[in-house]
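Novice: Sharing a structure here in structure tokens format.
The values are calculated or read from the model by the stated rules, or taken from the named source; none is laboratory data. No experiment lies behind these values; they were computed from the predicted model shown. Every residue, glycine as well, gets a Cβ built from its backbone with ideal geometry; the counts of neighbours run over all protein chains shown. Protein only, heavy atoms only, side chains kept; ligands, DNA and RNA dropped before computing areas. Shrake-Rupley method; radii C 1.70, N 1.55, O 1.52, S 1.80 Å.
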Amino acid sequence: MIYLLPLVSVLIGYVISRFLNPGTSTGFKLLLSFSGAYLLSVTIFELLPEVYAEAIDGIGIFIMLGLLLQILLEFVSKGVEHGHMHTTDKSTAFPLMLLVSLSIHALLEGVPLDEKGHLLHGVVIHKIPVAAILSVFLIHSKLAKWKVFLFLGIFALMTPLGSFLKMNVPLIAESSVYLNAIVIGIFLHVSTTILFEASRNHKFNASKLLVIVAGILLAYFI
């Protein structure tokens, strides 16, 4: 499941993009808010305590490095990781740098995953709206269909690849606590950005507040 679910989440995101407009759909925006709340909660409830349980001096530096890395990646991705994507670009050029940016993000988020942890569910829920927004961008571009599916296929494989490398490459396994700390920084930036942007003009409507609370409670009790 650790390899299959991230792939399925991208497929679900693509299907959603064919029926909903992520830019205007209320249901999609609520899903995005829920995913942000769930991912943030699982990071704080599960991943953060595991990293600090290792009692490694200076581990907080790696968390901050992860946050800074995500900011740098978003200069290229334009924020698709937290629900932003401008669909006005009609270039026929393959968006290689966008793929590299998203692939780094997806590869790293696969490192801390395991079959038993709730973090797997958090990543899967997070990837669905990301894949939907990305799909809309690619579909509305002038890319050939095979390039669209190539892009989505590579993106879908990156998270399972991160998990595979952690389990099969000793150097990555030995460094997993530091990589996990970097992922915490990435998740903290992405999830809090989703939640702040969900409250336009710093105001939450009742529906968004309810799905955010639901995401937090689900992460805590399951």
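Novice: Which one, 184, 108, 206, projects farthest toward the positive side of the charge dipole computed for the chain from Cβ point charges (K/R +1, D/E -1)?
Specialist: In the chain, that residue is 206.
Novice: Once you put a point 7 Å from the Cα of residue 71 and another 7 Å from the Cα of residue 1, both along the Cβ direction, what distance in nm separates them?
Specialist: Here the answer is 3.7 nm between the modelled labels.
Novice: If you average 1/r over all unlike Cα pairs in region 140-183 and invert the result, what Kirkwood radius do you get in angstrom?
Specialist: Kirkwood hydrodynamic radius for region 140-183: 12.3 Å.
Novice: While we're here: Normalised by the residues of the chain, what does the relative contact order come to in percent, with Cα pairs under 8 Å and at least six apart?
Specialist: Here the relative contact order equals 43 percent.
Novice: Calculate the FRET efficiency for residue 172 and residue 209 from the Cβ-Cβ distance with a Förster distance of 45 Å, rounded to the nearest 0.05.
Specialist: After rounding to 0.05, the efficiency reads 0.70.
Novice: Sort 26, 43, 192 by heavy-atom solvent-accessible area, probe 1.4 angstrom, most to least.
Specialist: 26, 192, 43
Novice: Find the Rg to Rh ratio for region 115-222, where Rh is the Kirkwood radius over alpha-carbon pairs and Rg uses the same atoms. Intermediate results must be reported in sequence, preceding the final value.
Specialist: Values: Rg = 17.1 Å, Rh = 16.6 Å.
Taking Rh as the inverse mean 1/r over Cα pairs, Rg/Rh reads 1.03.
Novice: Separate question: I need the Kirkwood Rh of the chain: take the reciprocal of the average 1/r across all distinct C-alpha pairs and report it in angstrom.
Specialist: By the Kirkwood definition, the hydrodynamic radius is 17.5 Å.
Novice: I've got another one for you. Highest first, please rank the peptides 5-11, 53-59, 170-176, 130-136 by the mean number of other Cβ atoms sitting within 10 Å of their residues.
Specialist: Peptide ranking by packing, descending: 130-136, 5-11, 170-176, 53-59.
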